[in-house]
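Asker: Here's a structure for you.
We did not get these values from a lab; they are worked out from the coordinates using the rules stated. All of these numbers come straight from a predicted model, not from anything done at the bench. Reconstructed Cβ throughout: ideal geometry from the backbone, glycine too, with neighbour counts over all protein chains shown.
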Amino acid sequence: MIELACVIKDLREELNRAVAAADGEALRFELGPIELELSVALEQSAHAQGRVRFWVVDAEADAGVSKTSTQRISLTLQPTLAGSSRPVAISGAAEPNER
């Protein structure tokens, strides 16, 4: 399992790489809303703060964590560049094993 914050951080890094790859490219793609559907396990700590953490589970691990509270969530993210109102453009060749 991996924390939801790490999933979003990794997605942000991948999008930053794609934006950087668009520099100087003739063909560019405008980045629209990103829809994610994830299975998450909820965990609440026993500490005084009572913090809730969201752990993303893959399909294979989903059955193993059925004893905990497992939920499906959908997120729609609208990527923007800090300090800009322009649409984000991405381009570039796929990395090995990317689809």
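Asker: Along Cα→Cβ, 7 Å out, is where each label goes; now give me the distance between the ones at GLN44 and SER91 in nm to one decimal.
Answerer: With each label point 7 Å from Cα toward Cβ, the separation is 5.1 nm.
Asker: Name the long-range amide H neighbours of ALA89: under 5 Å, sequence gap of 5 or more, or other chain; modelled H, no Pro or chain starts.
Answerer: HN-HN under 5 Å from ALA89: LEU31.
Asker: Search the structure for amide H atoms under 5 Å from the amide H of VAL57, placed 1.01 Å from N in the peptide plane, and list their residues when 5 or more places away or on another chain.
Answerer: The answer is SER39, VAL40, ALA41.
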